[in-house]
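The values are calculated or read from the model by the stated rules, or taken from the named source; none is laboratory data. Because the structure is a prediction, the values reported are computed rather than measured. Neighbour counts are summed over all protein chains in view; Cβ atoms, including those assigned to glycine, are modelled from backbone coordinates with ideal geometry.
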2 protein chains.
Amino acid sequence: MTNWATRGFVAVDWGSTARRAYAVDAGGRITDEMEDDAGTLTLARGDFPASVAALRERFGAAPLLMAGMVGSNRGWVEAPYVPCPATLPDLAQHLCWPDDTAAIVPGLSFHQGTQADVMRGEEVQVFGLDALEKRGGRTLICHPGTHAKWIELDEGRVQRFRTVMTGELFSLLKRHSILADLLAGPASVGPAFLDGVACGFESGALSADLFGVRAGVLLGARQREDAASRVSGLLIGCDIRTGLGWSDAADEIAVLGRGSLTELYAAALDHVGRRTRRVDGAAAFVAGMRAIAETIS
Amino acid sequence: MTNWATRGFVAVDWGSTARRAYAVDAGGRITDEMEDDAGTLTLARGDFPASVAALRERFGAAPLLMAGMVGSNRGWVEAPYVPCPATLPDLAQHLCWPDDTAAIVPGLSFHQGTQADVMRGEEVQVFGLDALEKRGGRTLICHPGTHAKWIELDEGRVQRFRTVMTGELFSLLKRHSILADLLAGPASVGPAFLDGVACGFESGALSADLFGVRAGVLLGARQREDAASRVSGLLIGCDIRTGLGWSDAADEIAVLGRGSLTELYAAALDHVGRRTRRVDGAAAFVAGMRAIAETIS
């Protein structure tokens, strides 16, 4: 009996600002990939059929398995959230089918008491991490990003998760705030970043600490060129405070992602004394999509 | 012996986005006032002489006593910060004189250990509150605004202060963030605001709680029309957590300001069980300027 995984398919990570697609062959190897900026925010609902047709032209006849904001209420077709706790089979049972050879993976929701949260796209990476690591047990996953996620995984089940708007806040501060002229440069791991992490982790007064960066530069107490790293450290330190205060799931944290932001989180967690392991986000995404593709015949 | 206060003068509160001017007669009464949007951010340095000339034409020959961002490094003439602890005579001794009939009140700075902070304009209101109330002793002042200030006043001396970027963050979220479409309406005191205050005051995880507002609406757990009030409550609750965690100066807090934002802070402080008294910001500004004018002959 064949399924999409054994026939080969195209895995599409279609977010709000970017789109990445991977041709996955019958052996699970990536044979082709592309990335462009055709994020869902750039498309009206009526634009999706043409955008998908272009993907099919690029990748040939293989079926499309898609995840991310493409399934949101501003995407191609809305795939309603699956509530936590949720497993990979739960996701696979609730695929949304725009047509016979295109399926959209739903996102996850969490709602308990006053806490409500949603994700779209990260859930595939989380189940992919589980498939790659085959550890079982409890894992606390930190997924850096525009909206960073802290996720509790227990025996293949996402129990709950929490989103922190860290990346978006940094972007707002950099583009539109009174701190903007201090944040033109890149943030990097170093004393200014790590001091910021320690302060953000301890103080719990982020909106005051952020203003203090500007005041410190004005008063000559801080170097202007350190400001971007310090602000990044404050935000990430506060993010980690939120994530670690919220969960006691593990001594060691799986940092799931790719690129410089993931480096910053790993360095910050190390600085506050937590052990981490790194899992590549793209590898986890493809592994998660392949595990879902195995359920589709 | 005459001084500016006994001769009459014009008090100018010249901020980054707006300018308010009050003609103050020899008896301390406001005989004329105006407000416009000629904030310092709208002016290049070379624009100030003409802008000041227009003020003089509007108010006649009385001398000008100015405070706020007009004395910043992007203002008319820079008036260097006076470091805390500082009294009203300290400010008066460091006036900056662009010409013979125009003086600029310097701002205050605070720098101790890793904390650095600055203010321009609020210091006049603080000393004005002191002049109006004549209470002496220790007072904790909450000054709502784009950059809210918490200020410790002790026997007429500003000991230290802390800025929280609450108003600016609300504005960034409303104009540019993923929450923007939820924040179009006004925030007002009511259950959604007060729930937000309690949550922001308790949780210390502002960037996560903010995202939770959007998730709550998406999941149908919260009303869309409550979102602006809830976000305002979260931000102000977190601000109060910062201010009260930072200072133990008083059981009762003087809320200094004017308008709806001041109402929200007073309601929030009441909701977390703190007594408040209200002091009108414009009255305090004029009283503070008059006390400084008395030192100028």
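If you filter the range A:189-210 down to residues that are closer than 17 Å to B:Ala116 by Cα and not in a helix (DSSP H, G or I), you find that the one that is modelled with the lowest pLDDT is A:Gly204. Pairing residues of the range A:146-162 that are within 12 Å of chain B (Cβ to nearest Cβ) with residues that are assigned to a strand (DSSP E or B) and basic (Lys, Arg), at Cβ distances under 6 Å and at least 6 apart in sequence or on separate chains, gives A:Trp150/A:Arg162; A:Phe161/A:Lys149. Filtering the range B:261-281 for residues that are in a strand (DSSP E or B) and either within 14 Å of chain A (Cβ to nearest Cβ) or surrounded by 21 or more Cβ atoms within 10 Å (Cβ to Cβ) (or both) leaves a non-empty set. Among all positions in the range B:12-23, there is no residue which is assigned by TED's automatic domain parsing to the domain that holds B:His111, among the charged types (D, E, K, R) and either over 19 Å from B:Ala282 (Cβ atoms) or surrounded by fewer than 15 Cβ atoms within 10 Å (Cβ to Cβ) (or both).
In the range B:202-213 there is no residue matching the filter, namely being buried (at least 21 other Cβ atoms within 10 Å of the Cβ), closer than 30 Å to A:Pro83 by Cα and more than 14 Å from chain A (Cβ to nearest Cβ). Close Cβ contacts (under 6 Å, 6 or more residues apart or on different chains) running from residues in the range B:225-247 that are not assigned by TED's automatic domain parsing to the domain that holds B:Ile178 to residues that are modelled with pLDDT under 95 and part of a helix (DSSP H, G or I) are absent.
For the range B:95-119, filtered to residues that are part of a loop (DSSP other than H, G, I, E, B) and exposed (fewer than 15 other Cβ atoms within 10 Å of the Cβ), the residue that is farthest from the other protein chains (Cβ to nearest Cβ) is B:Asp100.
Consider the range A:245-260 and keep the residues that are outside any loop (DSSP other than H, G, I, E, B) and modelled with pLDDT under 95. The one that is farthest from the other protein chains (Cβ to nearest Cβ) is A:Glu252. In this structure, does A:Thr276 turn out to be touching a Pro at 6+ places or on another chain (Cβ under 8 Å) and of a type in the set (Val, Ile, Thr)? Against the criterion (touching a Pro at 6+ places or on another chain (Cβ under 8 Å) and of a type in the set (Val, Ile, Thr)), A:Thr276 does not qualify.
I'd like to know if the range B:123-140 contains one or more residues that are outside any loop (DSSP other than H, G, I, E, B), more than 19 Å from the chain's Cα centre (by Cα) and closer than 19 Å to B:Leu256 by Cα. Yes, that holds for at least one residue.
Tallying residues that are within 14 Å of chain A (Cβ to nearest Cβ) and either among the small types (Gly, Ala, Ser) or surrounded by fewer than 24 Cβ atoms within 10 Å (Cβ to Cβ) (or both) within the range B:121-145 yields 1. Applying the set (1) more than 23 Å from A:Gly243 (Cβ to Cβ); (2) buried (at least 22 other Cβ atoms within 10 Å of the Cβ) to A:Ala92 leaves exactly one unmet item: (2).
Just a yes or no: is a residue in the range A:80-89 in a strand (DSSP E or B), facing chain B (nearest Cβ under 10 Å) and closer than 14 Å to A:Ile151 by Cα? Yes, the range A:80-89 contains a residue that is in a strand (DSSP E or B), facing chain B (nearest Cβ under 10 Å) and closer than 14 Å to A:Ile151 by Cα.
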